[in-house]
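The values are calculated or read from the model by the stated rules, or taken from the named source; none is laboratory data. The model shown is predicted, which means the values in this text are computed figures rather than measured ones. Please note: Cβ atoms are built from the backbone with ideal geometry, for glycine as well, and neighbour counts cover all protein chains shown.
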Amino acid sequence: MIIKELIQRVKALYNQGVQSDDSRLSSRHVYNKLVSVRSMLVTQQIKKKQKVSDWNFVVLPCVELIKVPSHECDCLGDLGCDVWRTKYPLPKILTDLNTHLIAFVASVDNSIVYNEATRQEMLYVKGNKYTSRKPRYVLENSHLYFPLKQSPSLIKIKLLPEDPLAAVKYPSLCEDCTDCQDCRDYNLLEFPIDGDLIEPLITIAKEELVSEFSKGKNDTTNDTADN
């Protein structure tokens, strides 16, 4: 179901019919609620050890890497030790019981697959001649770091984002213009969630919104102003 249809259905339930021009409920507010409820439903699946379907994931196809210092202390200057890092911060990623919900990180030609590791694990890996050269990445500060002397300048990532639109908007090296105005109509994009979760998504979003707005005063005058 596209985003516009989900928002309209929630608004219709909230207003118990046709939306008034005095409604305090904006489309942005509804979308933010849909995102938070989606995260809750997916997290519940994970806690129950149920499979999260492929439909919930988003692929970032052309993620650019840049070479950066291995430290984050500006005053140290160049110590001659660089690593590769994603050029732009990644969208927030949902997690399971142990790790981030990243299906894969790979080179764009699929010839190399990288596995997630922590900084602590990387220290032990360096001392093991059998595993030290295996491709790995570290996720920190919303970036992926690749502690390799040689790394591809482009990778692709399949992940489960907290906000689907944040993933869709993620800069791609293959875009014609990364600095120009984005004119896409995001309302027409599919909202990534399993079909059997759509009804719970809409119902819970509506109930939470009703609960939130019932704490304030109702606008009883049809004067095109939300009083």
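Quick rundown of the values:
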read-out: Leu197 vs. criteria at pLDDT 90 or above, in contact with a Leu (Cβ under 6 Å, 6 or more places away or on another chain), not in a loop (DSSP other than H, G, I, E, B) and not polar (S, T, N, Q); value: yes
read-out: Filter result for Ser107 (modelled with pLDDT under 95, closer than 16 Å to Val59 by Cα and touching a strand residue (DSSP E or B) at 6+ places or on another chain (Cβ under 7 Å)); value: yes
read-out: From the options Gln44, Gln8, Gln16, residue that is modelled with pLDDT of 90 or more, more than 18 Å from the chain's Cα centre (by Cα) and not assigned by TED's automatic domain parsing to the domain that holds Arg119; value: Gln8
read-out: Yes/no for Leu97 being closer than 30 Å to Glu199 by Cβ and either modelled with pLDDT of 95 or more or surrounded by 15 or more Cβ atoms within 10 Å (Cβ to Cβ) (or both); value: no
read-out: Residues of the stretch 25-75 that turn out to be among the β-branched types (Val, Ile, Thr) and not in a helix (DSSP H, G or I), as a count; value: 6
read-out: Selection within the stretch 110-120 - touching a strand residue (DSSP E or B) at 6+ places or on another chain (Cβ under 8 Å) and of a type in the set (Gly, Ala, Ser); value: Ala117
read-out: Leading residue by the ranking (surrounded by the fewest Cβ atoms within 10 Å (Cβ to Cβ)) among those in the stretch 167-194 that are modelled with pLDDT of 90 or more and out of contact with any helix residue (DSSP H, G or I) (no Cβ under 9 Å at 6 or more places or on another chain); value: Pro171
